[in-house]
Amino acid sequence: MIFFTSLIVFASCYYDSEEELYGVSTCNNNTLTYIARIAPLMTAKCITCHDVASGNSVILETYTQVKDQFTSGQALCAVQRDPGCLAMPQSTPLSSCDLEACQQWVQAGCPE
């Protein structure tokens, strides 16, 4: 009886990821422009603390402001949570998909 109970417990602890089950990734970085991908990310994850009204010294409201921060390396360092950089966003790290989008956007020359 103990053997069968153990078998049921261990068999029920199987974990599947959505990608393994359905073969689809929810990450879509096909359109890596500021307008299509980066601006919505900034609005969702950054603008609360990095708009003019916040009084923060780093403002991320416009394409030029975001591009300047990313091309200088400061924003990328922060979102990658590199040693010596202030980790951003402070609450929770970006998803791997969002982080990849930022990296690829910079590598592509920050298309608008």
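Just so it is clear, none of the values below were taken in a lab; they were calculated from the coordinates. Since the structure is predicted, the reported quantities are computational estimates derived from the model, not experimental observations. Every residue, glycine as well, gets a Cβ built from its backbone with ideal geometry; the counts of neighbours run over all protein chains shown.
When 54, 91 are sorted by how many other C-beta atoms sit within 10 angstrom of their C-beta, beginning with the fewest, the order is 91, 54. Each principal axis of the Cα cloud of region 30-107 was taken in turn, and the coordinate range along them, longest first, works out to 34, 28, 22 Å.
Contact order, relative form, for region 30-107: 26 percent (alpha carbon pairs under 8 Å, 6 or more residues apart, mean separation divided by residue count). Once the chain from residue 35 to residue 96 is taken as fully extended at 0.36 nm per residue, the excess over their C-alpha distance is 20.0 nm. Basic side chains Lys and Arg get +1 at the Cβ, acidic Asp and Glu get -1 at the Cβ, and with that the dipole of region 30-107 about its Cα centre reaches some 60 debye.
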